[in-house]
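Undergrad: One structure, as structure tokens, below. Some questions next.
The values are calculated or read from the model by the stated rules, or taken from the named source; none is laboratory data. Everything numeric in this text was worked out from a predicted model, so none of it was measured. Ideal geometry is used to build each Cβ from the backbone, glycine not excepted, and the neighbour counts take in all protein chains shown.
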């Protein structure tokens, strides 16, 4: 079987990956970590010759009512042009307002007004890159009372109007559903399957919030059982897609990430053998 | 009344920066976890994640003061100056100046200079390696032209001048360094910080070399830089200093000086 699951390439593993070139579906980098000219950037450029890359941006702030930061957009576009990644993505969230960057994926109200803003910004991004991008469902810790669409409805409409792909993060669905008292299985029901381009898997933490458990998307552990179960469900329903194991805090040995990726590949084969061959 | 998106984002931006906004609380669904508690998750994450980014950029400052003190220092800075853009390795240029004026850090008078050194190493690390002048490049230059040339330092290079022995303090603070004490009376340190092939590093300069490099940074000719160095240190030896810095690959280019 072809390996379809990739891993997040993080600084502590860079030298080992460059030396050993482990077999993996693809390598994902955060755009904002490679916009300078560091030795790490030079290593990525060399790895690019042998590996498929995914560029995952975290700071484009596609939900900003004020529009995109054109200077940052130019820098990301230059990186995409240089590395020619197979996949490019960012989140359904915002992180910039009034020239300040908050380094968080801040939540949007799911309204027609917000949809117009995100469609406009994703359109601008795709125009600047000259290609389709995928938009990821965020982890949410709150909902706005004036939202008129569900998150999957918002994403489906965004994909229809902008032509973007959808990156579905199973852990984020688990986190959001728990925190906002939603049913994660309902969340999966009515997605536009042709728009789905990628899956993400990661672990989360459980924090105490005024005596109640709140799930926090910290990418600091193995993928949890709920996310694996949803992953099975989504692959059965919509088929296999390029899948990523993400790990960003308390980063373990590289072998642990590769082990999780192999587990995802096995889950894809079990759930949908035909799709695994096609992916 | 519901908040329009620009107003909601302005209110949320104020909230994460520490300003309580009742209009924002009213817009958020609360249940057994109240709206205020849900909003606090974002406020804490912004402060915590940016403090962690500063810890990554200023590792020597954190090693010297400890994690808890550093967190206080970093959170104070974050509250004053959020990043202007999303590349976190470019966040913190004003942190050394903040450290210098931060009252609880006054007991460590060298701390701001260590922050400047951490920042200079970070800037050099994220700058292109570029090519460096080698001895062979000088072969084609007539000796009488040399004094009128100026030297271009590598991109991202900087000169850090401190009244304290920050090179020794820095070395003693590295992971795995032996716990030798550093004598603060050991005198000043002048460091030229540069990108190297796989990292960033500094060259320790003597008084004459420091004056020489400081003049080169200004773009003056070798002759003028040497005059400045001689007045700072009468024993300054231009050819020895030039040869040493050349060997250490500290020069990016030689060019005709149109200035002094």
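Undergrad: Mind checking whether some residue in segment B:70-80 is more than 13 Å from every other protein chain (Cβ to nearest Cβ) and at positive phi?
TA: Checked segment B:70-80: no residue is more than 13 Å from every other protein chain (Cβ to nearest Cβ) and at positive phi.
Undergrad: Would you call residue A:18 within 12 Å of chain B (Cβ to nearest Cβ), modelled with pLDDT under 95 and out of contact with any helix residue (DSSP H, G or I) (no Cβ under 7 Å at 6 or more places or on another chain)?
TA: In short, no.
Undergrad: Can I ask one more? Could you tell me which of the residues B:79, B:84 is in contact with a strand residue (DSSP E or B) (Cβ under 9 Å, 6 or more places away or on another chain) and surrounded by fewer than 21 Cβ atoms within 10 Å (Cβ to Cβ)?
TA: B:84
Undergrad: Go through B:124, B:197, B:120 for me and flag whichever is outside the structural domain of residue B:53 (by TED's automatic domain parsing), over 13 Å from the mean Cα position of the chain (by Cα) and either on the phi < 0 side of the Ramachandran plot or in a loop (DSSP other than H, G, I, E, B) (or both).
TA: B:197
Undergrad: Okay, next question. Restricting attention to segment B:124-137, which residues are surrounded by 14 or more Cβ atoms within 10 Å (Cβ to Cβ) and without any contact (Cβ under 8 Å) to a residue 40 or more places away in the chain? So that I can check it myself, show each step before the final result.
TA: Of all residues in segment B:124-137, those surrounded by 14 or more Cβ atoms within 10 Å (Cβ to Cβ) come to B:124-130, B:132-133, B:137.
Hit for segment B:124-137 is B:126, nothing else.
Undergrad: What about residue A:192, is it in contact with a strand residue (DSSP E or B) (Cβ under 8 Å, 6 or more places away or on another chain) and within 13 Å of another protein chain (Cβ to nearest Cβ)?
TA: In short, no.
Undergrad: Hey, could you check segment B:211-260 for residues that are in contact (Cβ under 8 Å) with a residue 60 or more places away in the chain and part of a loop (DSSP other than H, G, I, E, B) and say which is nearest to residue B:143 (Cα to Cα)?
TA: Of everything passing the filter in segment B:211-260, B:257 is nearest to residue B:143 (Cα to Cα).
Undergrad: Now for a separate question. Tell me whether segment B:183-200 contains one or more residues that are in contact with a strand residue (DSSP E or B) (Cβ under 8 Å, 6 or more places away or on another chain) and over 27 Å from residue B:63 (Cβ atoms).
TA: First pass over segment B:183-200, keeping only residues in contact with a strand residue (DSSP E or B) (Cβ under 8 Å, 6 or more places away or on another chain): B:188-194, B:200.
Of the ones still in play, those that are also over 27 Å from residue B:63 (Cβ atoms) are none.
No, every residue in segment B:183-200 fails to be in contact with a strand residue (DSSP E or B) (Cβ under 8 Å, 6 or more places away or on another chain) and over 27 Å from residue B:63 (Cβ atoms).
Undergrad: Restricting to segment A:117-139, name every residue that is within 14 Å of chain B (Cβ to nearest Cβ) and part of a loop (DSSP other than H, G, I, E, B).
TA: Result: A:138, A:139.
Undergrad: Next question, about the same structure. Where in segment A:75-116 are there strands (runs of 3 or more DSSP E), lying fully within it, with 3 or more residues that are more than 10 Å from every other protein chain (Cβ to nearest Cβ) and more than 19 Å from residue A:65 (Cβ to Cβ)?
TA: Of the strands (runs of 3 or more DSSP E) lying wholly inside segment A:75-116, those with at least 3 residues that are more than 10 Å from every other protein chain (Cβ to nearest Cβ) and more than 19 Å from residue A:65 (Cβ to Cβ) span A:87-91.
Undergrad: Here is a follow-up. Filter segment B:90-101 down to the residues that are in a loop (DSSP other than H, G, I, E, B) and buried (at least 17 other Cβ atoms within 10 Å of the Cβ), then identify the one that is farthest from the other protein chains (Cβ to nearest Cβ).
TA: B:92
Undergrad: In segment B:38-52, how many residues are within 32 Å of the chain's Cα centre (by Cα) and at the interface with chain A (Cβ under 7 Å from one of its Cβ atoms)?
TA: Residues in segment B:38-52 being within 32 Å of the chain's Cα centre (by Cα) and at the interface with chain A (Cβ under 7 Å from one of its Cβ atoms): 6 in total.
Undergrad: Is it the case that segment B:105-116 has a residue that's within 27 Å of residue A:43 (Cβ to Cβ) and either assigned by TED's automatic domain parsing to the domain that holds residue B:54 or under 13 Å from the mean Cα position of the chain (by Cα) (or both)?
TA: No, the conditions are met nowhere in segment B:105-116.
Undergrad: Which is within 14 Å of another protein chain (Cβ to nearest Cβ), outside any helix (DSSP H, G or I) and modelled with pLDDT of 95 or more, of B:84, B:56?
TA: B:84
Undergrad: If you don't mind, there's one more thing I want to ask. Yes or no: segment B:145-160 includes at least one residue that is loosely packed, with under 11 Cβ neighbours inside 10 Å, within 17 Å of the chain's Cα centre (by Cα) and either in a helix (DSSP H, G or I) or more than 14 Å from chain A (Cβ to nearest Cβ) (or both).
TA: No.
Undergrad: Further question on the same structure: Could you look through segment A:45-74, keep only residues that are part of a helix (DSSP H, G or I) and touching a helix residue (DSSP H, G or I) at 6+ places or on another chain (Cβ under 9 Å), and pick out the one that is farthest from the other protein chains (Cβ to nearest Cβ)?
TA: Top of the filtered list is A:47.
Undergrad: Turning to a different aspect of this structure: Going through segment B:1-37 one residue at a time, which ones are in a helix (DSSP H, G or I), over 19 Å from residue A:207 (Cβ atoms) and at the interface with chain A (Cβ under 7 Å from one of its Cβ atoms)?
TA: Of everything in segment B:1-37, those that are in a helix (DSSP H, G or I), over 19 Å from residue A:207 (Cβ atoms) and at the interface with chain A (Cβ under 7 Å from one of its Cβ atoms) turn out to be B:5, B:6, B:8, B:9, B:10, B:12, B:13, B:27.
Undergrad: Is there a residue being under 30 Å from residue A:180 (Cα atoms) and assigned to a helix (DSSP H, G or I) anywhere in segment B:66-77? Outline the logic, then answer.
TA: Within segment B:66-77, the first condition is being under 30 Å from residue A:180 (Cα atoms), and the residues that meet it are B:75.
Narrowing the set further to residues that are assigned to a helix (DSSP H, G or I) leaves B:75.
The answer is yes; a qualifying residue exists.
Undergrad: Next up: For residue B:62, work out the one condition from (1) in contact with a helix residue (DSSP H, G or I) (Cβ under 7 Å, 6 or more places away or on another chain); (2) touching a residue at least 12 places away in the same chain (Cβ under 8 Å); (3) closer than 30 Å to residue B:177 by Cα it doesn't fulfil.
TA: (2)
Undergrad: Does residue B:62 satisfy the criteria of being more than 20 Å from residue B:126 (Cβ to Cβ) and either within 17 Å of the chain's Cα centre (by Cα) or crowded, with 19+ Cβ neighbours inside 10 Å (or both)? Please lay out each step first, then the result.
TA: Numbers: more than 20 Å from residue B:126 (Cβ to Cβ): no; either within 17 Å of the chain's Cα centre (by Cα) or crowded, with 19+ Cβ neighbours inside 10 Å (or both): yes.
No; evaluated as a whole, the condition is false for this residue.
Undergrad: In segment B:114-129, how many residues are within 8 Å of chain A (Cβ to nearest Cβ) and closer than 22 Å to residue B:163 by Cβ?
TA: Of the residues in segment B:114-129, the ones within 8 Å of chain A (Cβ to nearest Cβ) are B:125-129.
From what is left, the residues that are closer than 22 Å to residue B:163 by Cβ are none.
Summing the residues that are within 8 Å of chain A (Cβ to nearest Cβ) and closer than 22 Å to residue B:163 by Cβ in segment B:114-129 gives 0.
Undergrad: Quick one: how many residues across segment A:155-169 are under 16 Å from residue A:113 (Cα atoms) and in contact (Cβ under 8 Å) with a residue 40 or more places away in the chain?
TA: The total comes to 5.
Undergrad: Keeping to segment B:190-246, report how many residues are surrounded by 21 or more Cβ atoms within 10 Å (Cβ to Cβ) and within 21 Å of residue B:128 (Cβ to Cβ).
TA: Within segment B:190-246, residues that are surrounded by 21 or more Cβ atoms within 10 Å (Cβ to Cβ) and within 21 Å of residue B:128 (Cβ to Cβ) number 9.
Undergrad: Out of all the residues in segment A:156-167, is one or more part of a loop (DSSP other than H, G, I, E, B) and out of contact with any strand residue (DSSP E or B) (no Cβ under 6 Å at 6 or more places or on another chain)? Please lay out each step first, then the result.
TA: Filtering segment A:156-167 down to residues part of a loop (DSSP other than H, G, I, E, B) leaves A:163-164.
Filter again for out of contact with any strand residue (DSSP E or B) (no Cβ under 6 Å at 6 or more places or on another chain), leaving A:163.
Yes, segment A:156-167 contains a residue that is part of a loop (DSSP other than H, G, I, E, B) and out of contact with any strand residue (DSSP E or B) (no Cβ under 6 Å at 6 or more places or on another chain).
Undergrad: Turning to a different aspect of this structure: Select from segment A:147-184 the residues that are under 16 Å from residue A:132 (Cβ atoms), touching a helix residue (DSSP H, G or I) at 6+ places or on another chain (Cβ under 9 Å) and crowded, with 24+ Cβ neighbours inside 10 Å and list them in ascending order.
TA: Selection gives A:155, A:164, A:166, A:168.
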